[in-house]
Each structure stands twice: as C-alpha cells, then as structure tokens.
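> Mind looking over this structure? Questions follow.
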Amino acid sequence: MMSFIARMKVKEGKEQDFVKLAKALTEKVHANEPDTVIYEFYKLRDEDRGYAVVESFTSEQAEEAHQHTEYFKSMAPDLIACLDGTYVREYLDPLE
C-alpha cells in the first residue's frame, strides 16, 4: 500500500477552476483505476484557499501508473497552474 496526503493553496480567483478540474480528475480515477483505494480532494476547513488530496494505491506501481494515464497528464498542468506555490506531500504508513 502507498498512501499520502498532499496539501496545497489555490490562487485567489482560481478556486472554481481548481474544484472543477479536481472533480473531473477524481471521476476519471474512480472509473478507470481499480488499484486506487482512495482518491479524494478536500477543502481545508481552517485554511483560506487551502485544499488537500488524499491518495492511496495498492502499490507504488499503481501510483506510478496513475501518473502516466493520459487524463492525468492532460489535467495535471491545469491543476498545478491554479496553485499558489507548490504542494506538500505527507506519506502515510499503515499501523502495524
């Protein structure tokens, strides 16, 4: 299992674009990637224009395959263009 949360801040005025793209990407992932356990975007409650995505895959190979899908490669640049800065990934390990 490979899981992480990525936190990001969206540029002022780009929230609607970001949410539209995030929802479209989430739909594609859910419909086409059976090795994706969790793939959900969230609005951070206590951070202005703060968002996060929680991703969990059955393996590192599944996460790599996700990054090589045509829809990810076509949508990711537009998502990243909405960000105010970059994103930070925090990797999650299951409890033993």
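> Work out how much length His30 to Tyr42 would gain on full extension: take 0.36 nm times their residue separation and subtract the Cα-Cα distance, in nm to one decimal.
Fully extending the segment from His30 to Tyr42 adds 2.8 nm.
> Could you grab the Rg to Rh ratio for region 29-94? Cα atoms only, Kirkwood for Rh.
My calculation of the ratio gives 0.97.
> Around Glu64, what is the net charge, scoring Lys/Arg as +1 and Asp/Glu as -1 over all other residues with Cβ under 14 Å from its Cβ?
Counting the neighbours of Glu64, the net charge comes to -4.
> What does the charge count near Ala76 come to, summing +1 for each Lys or Arg and -1 for each Asp or Glu among other residues with Cβ under 12 Å from its Cβ?
0
> Starting from the 7 Å offset along Cα-to-Cβ, what nm value, one decimal, do you get for the label separation of Glu64 and Glu90?
2.7
> Then there is this: Run the reach check for Lys20 against aspartates and glutamates, Cα to Cα strictly under 19 Å, same-chain hits fewer than 8 apart removed. What comes back?
Glu12, Glu40, Asp48, Glu55, Glu70, Asp78, Asp84
> Going by how many other beta carbons lie within 10 Å of each one, how would you line up Asp48, Asp84, fewest first?
Ordered by Cβ neighbours within 10 Å, fewest first: Asp48, Asp84.
> If you place +1 on the Cβ of every Lys and Arg and -1 on the Cβ of every Asp and Glu, how big does the dipole about the Cα centre of the chain come out, in debye to the nearest 20?
440
> Okay, moving on. Gaussian network model of the chain, Cα springs within a sub-10 Å range: biggest mean-square fluctuation belongs to which of Glu60, Glu40, Glu70?
Residue with maximal mean-square fluctuation among Glu60, Glu40, Glu70: Glu70.
> Additional query: Amide H of Leu83 versus every other amide H placed in the peptide plane: which residues, excluding those fewer than 5 positions away on the same chain, fall under 5 Å?
Amide H neighbours of Leu83, under 5 Å, 5+ apart: Lys11.
> Taking Cα pairs under 8 Å and at least six residues apart, what relative contact order does the chain come out at, in percent?
Once divided by the residue count of the chain, the mean separation gives 47 percent.
> Amide H to amide H, which residues 5 or more places from Val37 or on other chains are under 5 Å from it, using H placed in the peptide plane?
Ser56, Phe57, Thr58
> Residue-wise, which Karplus ³J(HN,Hα) couplings in Hz belong to region 20-32, taking 6.51 cos²θ - 1.76 cosθ + 1.60, θ = phi - 60°, and x for glycine or proline?
Couplings: 4, 5, 4, 5, 5, 5, 4, 4, 4, 4, 4, 7, 10 Hz.
Just so you know, all these numbers are worked out from the coordinates, no wet-lab data involved. Since the model is a prediction, treat every value here as computed from it, not as a measurement. No Cβ is skipped: glycine too gets one built from the backbone with ideal geometry, and neighbour counts run over all protein chains shown.
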